[in-house]
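Derivation of every value follows stated rules applied to the coordinates shown; laboratory data play no part. If you're wondering where the values come from, they're calculated on a predicted model, not measured in any experiment. Methodologically, a virtual Cβ is constructed for each residue, glycine included, from the backbone with ideal geometry; neighbour enumeration extends over all protein chains shown.
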DNA sequence: ACTTGTGAATTCGTTCACAGCA
DNA sequence: TGCTGTGAACGAATTCACAAGT
């Protein structure tokens, strides 16, 4: 995993717009896909004779998504070029790393000038396979699942929700954001029919493995798992996981590391309102 | 460089005590979906004289949370001991890595036997700082934020939601799962009053930085960011981010890597239902 | 006989620093 | 002069493999 050492925080890269409170994170970017970062169990040893294959390391792929978000914003602002320094700052990484990342996807910046924004956007999108939509199947329309399904930016970014599944008879048959919820038993058939390539598991941990097996049987090779379980999949299947409990506990660790043992206690007097500038260097 | 990478070996004091199965239990998932994972800017030399410092690498911390989940399950099943081999398989990691991780927190397994489950649970919890609750403030009660707030397992695991914030007048004043939604302007005061130590940002990207600043001003040193933006924070503040878009794009990359360019196409006949080694159970 | 704990080897990723080109 | 692209140094994390307890 990952963990990129505290790099520099970089100041707000985006043009802060948009009304404050409202839903989740649909980003403001006009259109293009974007993303951010993370890291995780990747797994899936591609068993097959994968010829020459991975020029682009996973860590870089995750960052490319972040660069793309920034680039999309810049593009919307009409910027023609960016320097590695500026882009790196906005993405919160070291410029050398950014240049190396871009060189890996065969980028072509211009020495003395920088990178052509629109071109770079196209290159990153091509690398991430965003030039065509990926039908997504979401299993588990409960609390979180429902929120995810209703999350517009999902389909808007090239990931149309092609199917929703659940086993709860009270949910099956209902419609969420225009998509009907079908019974999980139909996963194999429906996913194959609609050409689903990415599956999202948002079920309780107890059902996750079974659901995963069904998705895999339907030909889904990429799965995003929100259930707190380690999914076992055959070689060739990619699983990424998002685990709230893990995140919270990691933060807990840091809280604890700070005040040796002391809980929150007093109303944290310190009115820190610090500078917040670009950290180190 | 600034960052004084943890050099100091120093071990963890870990008060090996505690009765076997007992209290606070981050226990296995009671219900819905959760989690996420990621990694992020860490660092921040805590200004004060930080005595001993970081024996446990970040990567290990994230895994400890996973081990804990498995261990809790085992404990519930009444298992007295586990071997590194079994625990590692269930957590989806290499056994050598698991042993190294555990040795870092000063574990004490018994050669030829394995680890005492209840004791290990206690040690891991102590390391992760789970021996006491951490008040959480959730900002942005929209789509996702609402789902997170309603997610029971949250409070159940030692992370009681002490406050909810939003700027939408239609939401302020309402109650979600017993907690009233307050206006984001009151973040500083309310968080300080209730001793919030962890903040969760589930606002649109445009509001994220501002919200973050308020949380930091209120003394929150650990933030979980669901908004697709790179948050700039002063040294000493820990930010972890969870970004759906990035996850999806990374999966997209893998899908693309497989079939060169071809979309989903045919109903993936292959009935792979393979071995599915290791893990689970 | 079995399983932990850990030094050493290895792999992977990040950062430096500079040559090369516009 | 300015900024990219990249070899080489560096550092972190993983894996190996075995000595050491029980």
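General observations
- Packing-based order for A:166-176, B:156-166, B:86-96, A:217-227, using average beta carbon neighbours within 10 Å, highest first: A:217-227, B:156-166, B:86-96, A:166-176
- Shape analysis of region B:68-218 based on the Cα gyration tensor places the equivalent ellipsoid semi-axes at 39, 15, 14 Å, largest first.
- A Förster radius of 35 Å combined with the Cβ-Cβ distance from residue A:131 to residue B:170 puts the calculated FRET efficiency at roughly 0.35.
- Its convex hull of Cα atoms gives region B:58-128 a direction-averaged projected area, equal to a quarter of the hull surface, of 4.0 nm².
- Label geometry 7 Å along the beta-carbon vector: residue A:170 inter-copy distances in nm: 2.5
- Mean partner shielding of peptide B:196-203, defined as the number of other chain Cβ atoms within 10 Å of each residue Cβ, is 5.
- 7 Å along Cα→Cβ, label-point gaps from residue A:78 to other copies, nm, shortest first: 7.4
- All C-alpha to C-alpha distances of region A:136-244, sorted into 5 Å bins beginning at zero, yield P(r) values of 2, 14, 27, 27, 21, 8, 1, 0 percent in whole numbers.
- Averaged over A:179-185, number of beta-carbon atoms from partner chains that fall within 10 Å: 0
- Sorted shortest first, the separations between the residue A:111 label point and its copies elsewhere in the assembly read 5.9 nm; each point sits 7 Å from Cα along the Cα-to-Cβ line.
- Efficiency of FRET between residue A:110 and residue B:113 - r from beta-carbon atoms, R0 45 angstrom, step 0.05: 0.10
- Cα pair distances exceeding 15 angstrom across region B:102-175, given as percent: 65
- Per-pair calculated FRET efficiency, R0 = 41 Å: residue A:206 and residue B:189 via Cβ, rounded to 0.05: 0.50
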